[in-house]
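S.K.: Quick one: this structure, given as structure tokens, is what I'll be asking you about.
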There are 2 protein chains.
Amino acid sequence: MSYSALTQHFQQQYHLQHIAAMCGWDQATMMPAGGNQARSEAMSTLAVLSHQQLQAPQLAQWFSAAQAESLTPEQQVSLAVMQRQWRDATMLPSDLVGAFSLAGSRCEHAWRSLRPANDWAGFLPLFEEVLNLSRQVAAARSEALGLSYYDSLLEQFEPGMRSATLDPLFNDVKQWLPGLITQVQAKQSAEQVQLPQGPFATSHQKALGLEVMKLLGFDFNHGRLDVSVHPFCGGVSEDVRLTTRYDENDVAQALMGVIHETGHARYEQSLPAQWRSLPVGQARSMGIHESQSLFFEMQLARHPAFIAKLAPLLSHHFGEQTAFSSDNLAKLYTRVQPGLIRVDADELTYPAHVMLRYEIERDLIEGKLQAKDLPERWDNLMQQYLGLSTKGNYKDGCMQDIHWTDGSFGYFPSYTLGALYAAQQAKAIQTELGTFDHLISTDLSSIFSWLQRNIWQHASLLETDALITQACGQPLNACAFKLHLEQRYLGA
Amino acid sequence: MSYSALTQHFQQQYHLQHIAAMCGWDQATMMPAGGNQARSEAMSTLAVLSHQQLQAPQLAQWFSAAQAESLTPEQQVSLAVMQRQWRDATMLPSDLVGAFSLAGSRCEHAWRSLRPANDWAGFLPLFEEVLNLSRQVAAARSEALGLSYYDSLLEQFEPGMRSATLDPLFNDVKQWLPGLITQVQAKQSAEQVQLPQGPFATSHQKALGLEVMKLLGFDFNHGRLDVSVHPFCGGVSEDVRLTTRYDENDVAQALMGVIHETGHARYEQSLPAQWRSLPVGQARSMGIHESQSLFFEMQLARHPAFIAKLAPLLSHHFGEQTAFSSDNLAKLYTRVQPGLIRVDADELTYPAHVMLRYEIERDLIEGKLQAKDLPERWDNLMQQYLGLSTKGNYKDGCMQDIHWTDGSFGYFPSYTLGALYAAQQAKAIQTELGTFDHLISTDLSSIFSWLQRNIWQHASLLETDALITQACGQPLNACAFKLHLEQRYLGA
Ligand SMILES: [Zn+2]
Ligand SMILES: [Zn+2]
């Protein structure tokens, strides 16, 4: 059976991804700085071997033989997803894979100290190398897939998504959003909001985070919470590794961060066990992944009914404060204020951060923007979209994100796609099961069950369009997102 | 250049060992229990791929071509050590390597909960599988090397060492030791010793451990300290991962454990950088490795001059106690008391624990003892060597050690070899540089420099015999060890 030979081969591939994910997690959370050179080299070798394993000569024959075998519909999908992963591997030469992994590790690690030092000059040559190799990857993928350079990278994170689909969608949001932000800021300028008074000890913030993860159904037998400079959700479904960072003056940052990553984690932990070690058992796309984290962080955690659950936990861990009243927290967590930092952005200004990055990374990859001109372009767009200057402020400007340091060009659109998908899911749930007001206060788990039935259990068994249309009754669109923001920020 | 092709190939092998070491460390320190099945499978796949990489078909030709190339003497040694590692790999079929890795991971992980539960019946089938696969490994190695089953495993940890050398050496120690123990216990029965009063908070014990690691020259830019059930020194030279465990009622256990592992760590961290990623740049043998940890733990840390340095640190971290006087600590840390647990054993009774294990594991591997008969045999030997019963007490008897759970048969002799080597080194240093009394109190670093010059920098460039003879003026023997114990425990 060629199909079963293939599944065995791809299980090994899954094992190597497991190993790489754990070593990547360790690099970001545990590794002493002096270990980085050796780690980068080791991970580059692993990437090359893993890539070679995926290019084993017998695969081509197995794939054609498997087509003729009698397979269930699900096995046919599984076969197609394996084939896509194989095709992705075979279009890149092994030495490019190794060089790309090494340059990304090096740049990312250097970024950890160069960013706080605001050292653009030190960062630029490392970044240029990553960009250069990313363009080589794009060139190879573009050639093989018949897509533009940028679309060929986007395809890695959002299979089937194209700039031609993103552009009208994003333009629609981009034109509508500034007006809404102005209206909301005008409305909020009359509101009184109290800031909780710190310091908030890291150990208490951690205890709070763990409690909220439990409330959200995180399975601690298959995962853990740690600290990293740039929070992420890593590891594998069987052992999900969340990270956050703590600011002793601000309790919301880590709290909302943990909730966001818990959304990613529940998706990973709930992928169907019987498909777990095969490509078809993986998360559908990064847009769907971000739809889960943003569903948790924005749709759920900023909802007044959920905030009513958070308020007593905050008082419990940090003592009574009037700022911890549900009313005040609800205002605070929906406060709109354009700022420099994407990960600290409110729900309304967040899309502006994404669109800025989308436009810039597309031009970088298409060769229309040079790495050295990045800070100026960044500053221009920040002025235009949010009225803020980042001149000379690289660390809060173009050096703020981890994504480009390891060559993850094409990822950023996933955040806004995720926000749109999350709003569509929230709308569908409320149509089907009742309002969040009611569900959150009486039966939070019914929401998770809906996600389990409609998103999590399908892994990559459905194409993104089919998954969303089946779950929400409509394909991808911005209506629910716009409606959600208008209702939450202006309405009722 | 075939030699340079070989070095590149073996550097990749080193990278895979790095990856495996880090995932192994994570499994013992960080991983939630539910992640173990997936981790074991992933590491088994990595072991198989790593093994296949080492068996690449071009290697045979490279090795024969490299013999004819003009190489420096050091490159010739490097070539020979690569060839030994290659020979070790090629004598085992890949499926045995995978099965052995998987069974070891499973058994070790189960042991973590079965041991505290004293569950021999639960442990036995897992252990039988590991033993069975270990005997298959021994059979394959024995066939290829022309050695007995047990010697073929010993060779993995102590290249060149044979039972025929161990037996007379160990018998000598075994006959001489009981008399000494009796004499020392008689002498110590008249002594007053105070036990420090706990509890000793884990956080303070950790702070103390870090301070002592610093005093001993551990490089925190290339390593860290964590917690595991069974302490070990893992990771790679560039990133050494020490572990310990804390007992809030006993400060000595973690303290002495950390000092022991720091000895391993300094050896690893000080291996010559220019050979680091090649087999010849690795530690010479496990006996030499244990000689460094036991040098730190026994020769240094139990020396009155070093205890005089520890005493104020203990008072600093846990408050003044009369039990923290140098005099009392010196008595306490050299107190002789036969006990059930090897890792808690004093310097004098430790060899009895090793010899018991050596005799048992040899019989297990040679097929002269069945796994099911292990507890009875263990009990008999404990009665005979230390006068203690372990009947029904598996957790403090034959289930106490991690080594056999992952199939590390042949390792135990390294501990006593290490103790003998350490005593030889201590004697050589004092002959060359002055007494430990003087060196420890005035110039601790001169001791480390001697180890650097005579042991650490040579990595595997010298055979064990040559290394020891060159460093100490004599080949392996028990004289220095016996003299050291007589002087410390009876003398002056
Ligand atoms: Zn996210
Ligand atoms: Zn040791």
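The values are calculated or read from the model by the stated rules, or taken from the named source; none is laboratory data. In this text the structure is predicted, and so the values were computed from the model without any measurement. Here Cβ is always computed from backbone atoms with ideal geometry, including for glycine, and neighbour counts include all displayed protein chains. SASA here: full protein model, heavy atoms, side chains in, ligands and nucleic acids out. Shrake-Rupley method; radii C 1.70, N 1.55, O 1.52, S 1.80 Å.
S.K.: A:Q292 is checked against (1) farther than 18 Å from A:A480 by Cβ; (2) out of contact with any Leu (no Cβ under 6 Å at 6 or more places or on another chain); (3) not charged (D, E, K, R) and fails just one. What number does that condition carry?
M.R.: A:Q292 satisfies all of (1) farther than 18 Å from A:A480 by Cβ; (2) out of contact with any Leu (no Cβ under 6 Å at 6 or more places or on another chain); (3) not charged (D, E, K, R) except (1).
S.K.: Here's another thing I want to ask about it. Looking at B:Q12, B:Q52, can you tell me which residue is modelled with pLDDT of 95 or more and open to solvent by 40 Å² or more (accessible area, probe 1.4 Å)?
M.R.: After applying the criteria, what remains is B:Q12.
S.K.: Also, quick follow-up: Go through the stretch A:163-197 and give me each residue that's touching a helix residue (DSSP H, G or I) at 6+ places or on another chain (Cβ under 7 Å) and open to solvent by less than 80 Å² (accessible area, probe 1.4 Å).
M.R.: Correct list: A:S163, A:L166, A:F170, A:V173, A:K174, A:W176, A:L177, A:L180, A:V184, A:E191, A:V193, A:P196.
S.K.: When you go through (1) open to solvent by less than 10 Å² (accessible area, probe 1.4 Å); (2) over 30 Å from B:A480 (Cα atoms); (3) within 14 Å of chain A (Cβ to nearest Cβ) one by one for B:L242, which number turns out not to apply?
M.R.: (2)
S.K.: Please specify each residue of the stretch B:374-431 satisfying the condition of being aliphatic (A, V, I, L, M) and over 29 Å from B:D465 (Cβ atoms).
M.R.: Passing the criteria: B:L374, B:L381, B:M382, B:L386, B:L388, B:M399, B:I402.
S.K.: State all residues of the stretch A:153-210 that are acidic (D, E) and under 21 Å from the mean Cα position of the chain (by Cα); if no residue qualifies, say none.
M.R.: A:E155, A:E158, A:D167 - these are the residues of the stretch A:153-210 that are acidic (D, E) and under 21 Å from the mean Cα position of the chain (by Cα).
S.K.: Quick one: B:Q253 ticks every box in (1) surrounded by fewer than 23 Cβ atoms within 10 Å (Cβ to Cβ); (2) more than 26 Å from B:Y333 (Cβ to Cβ) bar one, so which box is it?
M.R.: Unmet condition: (2).
S.K.: Could you list, in sequence order, all residues of the stretch B:156-181 that are acidic (D, E), touching a residue at least 60 places away in the same chain (Cβ under 8 Å) and assigned to a helix (DSSP H, G or I)?
M.R.: B:D172 - this is the single residue of the stretch B:156-181 that is acidic (D, E), touching a residue at least 60 places away in the same chain (Cβ under 8 Å) and assigned to a helix (DSSP H, G or I).
Residue-by-condition table, conditions (1) assigned to a helix (DSSP H, G or I); (2) within 16 Å of ligand 2 (Cβ to nearest atom); (3) away from chain B (no Cβ under 14 Å); (4) open to solvent by 10 Å² or more (accessible area, probe 1.4 Å):
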| residue | (1), (2), (3), (4) |
| --- | --- |
| A:Y394 | no, no, yes, yes |
| A:S408 | no, no, yes, yes |
| A:L417 | yes, no, yes, no |
| A:A426 | yes, no, yes, no |
| A:I429 | yes, no, yes, no |
| A:I440 | yes, no, yes, no |
| A:A466 | yes, no, yes, yes |
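S.K.: How many residues does the stretch B:103-115 hold that are open to solvent by 40 Å² or more (accessible area, probe 1.4 Å) and at pLDDT below 95?
M.R.: Count: 4.
S.K.: Filter the stretch B:223-241 down to residues that are farther than 13 Å from B:A21 by Cβ and in contact with a helix residue (DSSP H, G or I) (Cβ under 7 Å, 6 or more places away or on another chain) and give me whichever is nearest to ligand 2 (Cβ to nearest atom).
M.R.: B:P231
S.K.: Working only within the stretch B:300-319, note down all residues that are open to solvent by 10 Å² or more (accessible area, probe 1.4 Å) and either away from ligand 2 (no atom under 16 Å from the Cβ) or part of a helix (DSSP H, G or I) (or both).
M.R.: Correct list: B:H303, B:P304, B:A305, B:A308, B:K309, B:P312, B:L313, B:S315, B:H316, B:H317, B:F318, B:G319.
S.K.: Same structure, new question: Is there a residue being in contact with an Asp or Glu (Cβ under 6 Å, 6 or more places away or on another chain), within 14 Å of chain B (Cβ to nearest Cβ) and away from ligand 2 (no atom under 16 Å from the Cβ) anywhere in the stretch A:200-222?
M.R.: Among the residues of the stretch A:200-222, at least one is in contact with an Asp or Glu (Cβ under 6 Å, 6 or more places away or on another chain), within 14 Å of chain B (Cβ to nearest Cβ) and away from ligand 2 (no atom under 16 Å from the Cβ), which makes the answer yes.
S.K.: Just give me the residues in the stretch B:117-147 being charged (D, E, K, R) and part of a helix (DSSP H, G or I), in sequence order.
M.R.: Of everything in the stretch B:117-147, those that are charged (D, E, K, R) and part of a helix (DSSP H, G or I) turn out to be B:E128, B:E129, B:R135, B:R141, B:E143.
S.K.: Can you name the helices (runs of 4 or more DSSP H) wholly within the stretch B:1-112 that have at least 2 residues being closer than 28 Å to B:H222 by Cβ and within 11 Å of chain A (Cβ to nearest Cβ)?
M.R.: The qualifying helices (runs of 4 or more DSSP H) are B:2-29, B:36-54.
S.K.: Consider B:A283 against the criteria (1) assigned to a helix (DSSP H, G or I); (2) within 16 Å of ligand 2 (Cβ to nearest atom); (3) within 28 Å of B:Q452 (Cβ to Cβ): it satisfies all of them except one. Which criterion is unmet?
M.R.: (1)
S.K.: In the stretch B:268-317, what residues are touching a residue at least 24 places away in the same chain (Cβ under 8 Å) and small (G, A, S)?
M.R.: B:S270, B:S277, B:G281, B:A283, B:S285, B:G287, B:S291, B:S293, B:A301, B:A305, B:A308, listed by residue number.
S.K.: Sticking with this structure for a sec: Mind counting the residues in the stretch B:318-369 that are hydrophobic (A, V, I, L, M, F, W, C), touching a residue at least 40 places away in the same chain (Cβ under 8 Å) and over 15 Å from B:L177 (Cα atoms)?
M.R.: 9
S.K.: Here is a follow-up. When the residues of the stretch B:320-348 are filtered to those that are within 16 Å of ligand 2 (Cβ to nearest atom), open to solvent by 10 Å² or more (accessible area, probe 1.4 Å) and in a helix (DSSP H, G or I), which remaining residue is farthest from the other protein chains (Cβ to nearest Cβ)?
M.R.: Across the stretch B:320-348, the extreme among qualifying residues is B:D344.
S.K.: Quick check on the stretch A:223-239: of everything there that is more than 14 Å from ligand 1 (Cβ to nearest atom) and open to solvent by 40 Å² or more (accessible area, probe 1.4 Å), which residue is farthest from the other protein chains (Cβ to nearest Cβ)?
M.R.: Out of the qualifying residues, it is A:V229.
S.K.: Only one of B:G263, B:G281, B:G287 is open to solvent by less than 20 Å² (accessible area, probe 1.4 Å), within 14 Å of chain A (Cβ to nearest Cβ) and either in contact with a helix residue (DSSP H, G or I) (Cβ under 7 Å, 6 or more places away or on another chain) or within 16 Å of ligand 1 (Cβ to nearest atom) (or both). Can you tell me which?
M.R.: Going through B:G263, B:G281, B:G287 in turn, just one is open to solvent by less than 20 Å² (accessible area, probe 1.4 Å), within 14 Å of chain A (Cβ to nearest Cβ) and either in contact with a helix residue (DSSP H, G or I) (Cβ under 7 Å, 6 or more places away or on another chain) or within 16 Å of ligand 1 (Cβ to nearest atom) (or both): B:G281.
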